[in-house]
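Engineer: Dumping the structure here so I can ask a few things about it.
Bear in mind that the values in this text are calculations on the coordinates, not laboratory data. All values derive from a computational prediction rather than experimental measurement. Using ideal geometry, Cβ is built from the backbone for each residue, glycine included, and neighbour counts are taken over all protein chains shown.
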Amino acid sequence: MKEFLVYNVLRLLLLVASVALVGAVWAMFADTIPVLGVLVVALLLSGVVSWFALRGPRAALALKIQQRADRASAAFEAHKARQDED
């Protein structure tokens, strides 16, 4: 599932970039860098940015999942119809 891999790799890269950015900004203004604080802010930042920046890959993934669900549903209905004929 190419779309799944692409979307999740992009999310991971966005998270890593957010951690680096937040850590660098935090280091400019403070002597110590609390790792948990940086991670929380980076998670929030990457979540908001990914909502807008990854709209295309997310839509492609959703379409692929919907197509797969439709195929599975059709196969289930076909199997159920054969069972009813017997």
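Engineer: Cβ under 13 Å from Lys64's Cβ, Lys64 left aside: what net charge do those residues give with Lys, Arg +1 and Asp, Glu -1?
Structural biologist: Local charge sum for Lys64: +2.
Engineer: OK, next. To test your reading of the geometry: what angle, between 0 and 90 degrees and rounded to tens, separates the Cα axis of helix 35-53 from the longest principal axis of the chain?
Structural biologist: 50 degrees
Engineer: I would also like to ask the following. Can you tell me which of 19-25, 33-39 comes out highest on packing, and rank the rest after it, using the mean Cβ neighbours within 10 Å?
Structural biologist: Peptide ranking by packing, descending: 19-25, 33-39.
Engineer: Next up: Mind sorting out which of [x] 51; [y] 18; [z] 27 is the real percent of Cα pairs over 22 Å apart computed from the coordinates?
Structural biologist: [x]
Engineer: Given labels modelled 7 Å from the Cα in the Cβ direction, how far is it in nm from Asp70 to Glu3?
Structural biologist: Taking the two extended label points, one gets 1.0 nm.
Engineer: For the chain, calculate the relative contact order in percent as a whole number, restricting contacts to Cα pairs under 8 Å that are 6 or more residues apart.
Structural biologist: Reported relative contact order: 38 percent.
Engineer: Please turn the phi angles of the stretch 77-83 into ³J(HN,Hα) values with the Karplus equation 6.51 cos²θ - 1.76 cosθ + 1.60 (θ = phi - 60°), one per residue in order, whole Hz, x for glycine and proline.
Structural biologist: With the stated coefficients, the stretch 77-83 comes to 5, 5, 5, 5, 5, 5, 5 Hz.
Engineer: Show me the ranking of peptides 66-73, 48-55, 4-11 by mean Cβ neighbours inside 10 Å, starting with the highest.
Structural biologist: 4-11, 48-55, 66-73
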